[in-house]
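Quick notes on the structure that follows.
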Amino acid sequence: MSHKSDLTYYDAVRRAGFSRRDFLKFATATAAFIGLPGTMVGKVVEALENKKRIPVIWEHFQECTGCSESFIRSDHPLPADIILDKISLDYTDTLMAAAGHNAEEAKKKSMEENYGKYILVVEGAIPTKDDGIYCCIAGRTAEEILKESAAGALAIITYGSCSSYGGVQAAAPNPTGSVPVSDIIKDKPIIKVPGCPPIGEVMTGVIVHYLVFGRLPELDAQGRPKEFYNKRIHDSCYRRPFFDAGLYAPAFDSEEARNGHCLYKLGCRGPVTYNSCSTMEWNNGTSFPIKSGNPCIGCSENGFWDNGPFVKRLTNIPEFGVESTADTIGKIVLGAAVGGAAVHAVATNFGKKKELKEQHCEGITNESKIEN
């Protein structure tokens, strides 16, 4: 039998009892998640069939474990089975069966045997105040453990806004001096996968990208993989037509909110938040916060925890045209300096507003006819 470290991902999948069909479904879905065309599915399959599993050390510091919870609940068929268990996850004090000295010895052995070849995953912020006493594991501070684990890592993935930005622990006045991984580790590539928590398939996709291409994904200015953080939630939101038409929900329990009117005036941060929520959605594509009637709180953006209250609307949106003054569309029409493109956008939006209102009125009329 092959040694655990010699197994490819496909070997591990077969050992776990998954069918070839399950494996291909996972590869196809993952290719789609990381933005690859259908012609690239074969390359994903080839990588998972032939490449040995990457050793992973997963550290947990100041956090709620929500990122792990999100990861093990992702689908297609189950990254918890395809990746988490099969990725050669050598250490995670939350999910592994071993505990105490046995767990720490397993981590140390893996880091020594795979020096320079393993991926370090970090979940949670790192407290630095009072010598880091606010998060200790096995008698050692989070900062000390992080530095040791990062020393031999090929790269670091920070899952969640806590390890990526500091998270809610860093909210003013930040009593424990919580900081993100990037404030402490300066000599390693860091891929930030923020969110509170991130989408499970996004967490999986980052690792699969490295498997397929042998390199880390392209990152944006904040260190996030562009495959998943290159588009505003606002751009693909199903409530966007109502935003463009200037139709907003006045309250959470209003008829307008139930009919899909935009939640911008109720505090939605979708127009300034970059994430995949509105395209991938959560729980096997079932829903996402805005679809469930709650405004986006911008949890994948740095400092979102102090950008509140979450139900207070943004006073301005830094974009050109109608979006830059969503509360004052009429002023754009009257402005002498408005360009032709903006005028066209406003005219289109008023046309949409009229059309949507007519549809709404027609629906009410039809309901009355039915009742009569």
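Under the Karplus relation 6.51 cos²θ - 1.76 cosθ + 1.60, θ = phi - 60°, what is the ordered set of whole-Hz ³J(HN,Hα) values for the stretch 180-195, x standing for Gly and Pro?
3J(HN,Hα) across the stretch 180-195, in whole Hz: x, 4, 5, 6, 10, 9, 10, 10, 10, x, 10, 9, 8, 10, x, x.
Rounded if a/c is under 1.5, else prolate if a/b is larger than b/c, else oblate: which is the stretch 1-66, with a ≥ b ≥ c the root eigenvalues of its Cα gyration tensor?
oblate
Using the Cβ atoms and a cut-off under 10 Å, what net charge is assigned to the surroundings of GLN222, where Lys and Arg are +1 and Asp and Glu are -1? Could the numbers behind the result be given before it?
Values: positive: LYS192, ARG224; negative: ASP220, GLU301.
It works out to a net charge of 0.
With a sphere of radius 11 Å drawn around the Cβ of CYS136, what net charge do the other residues whose Cβ falls strictly inside it have (Lys, Arg +1; Asp, Glu -1)? Don't skip to the answer; put the middle values down first.
On the way: positive: ARG140; negative: ASP131, GLU143, GLU144.
Summing Lys and Arg as +1 and Asp and Glu as -1 gives -2.
Using Cβ contacts closer than 10 Å as the measure, can you line up CYS64, CYS299 from fewest to most? Before the final figure, lay out the partial values.
Numbers: CYS64 16, CYS299 23.
Listing CYS64, CYS299 from fewest to most nearby Cβ atoms yields CYS64, CYS299.
Near the amide H of ILE126, under 5 Å away, which other amide H atoms are found, from residues 5 or more places off or on another chain, if H is placed in the peptide plane?
Counting only residues 5 or more places away or on other chains, the set is VAL179.
Provide LYS186, LYS226 in ascending order of the number of other Cβ atoms located within 10 Å of each residue's Cβ, fewest first.
In increasing order of surrounding Cβ atoms, one gets LYS186, LYS226.
For TYR118, list long-range residues whose amide hydrogen, built 1.01 Å from N in the peptide plane, is under 5 Å from its own amide hydrogen.
For TYR118, whose amide H was placed from the backbone, the distant partners under 5 Å are LEU154.
What is the extension gain from GLU255 to VAL311, computed as 0.36 nm multiplied by their sequence separation minus the C-alpha to C-alpha distance, in nm to one decimal?
Net length gain for the segment: 18.4 nm.
What number comes out for the charge environment of CYS296, summing +1 per Lys or Arg and -1 per Asp or Glu over other residues with Cβ under 11 Å away?
Value of the local net charge: +3.
How would you rank 199-205, 124-130, highest first, on the average number of other Cβ atoms within 10 Å across their residues?
Values: 199-205: 26.4, 124-130: 22.4.
Highest-to-lowest ranking by the protection proxy: 199-205, 124-130.
Bear in mind that the values in this text are calculations on the coordinates, not laboratory data. Given the structure is predicted, the values throughout are model-derived calculations rather than measurements. Heads up, the Cβs are rebuilt from the backbone with ideal geometry, glycines too, and the neighbour counts pull from every protein chain shown.
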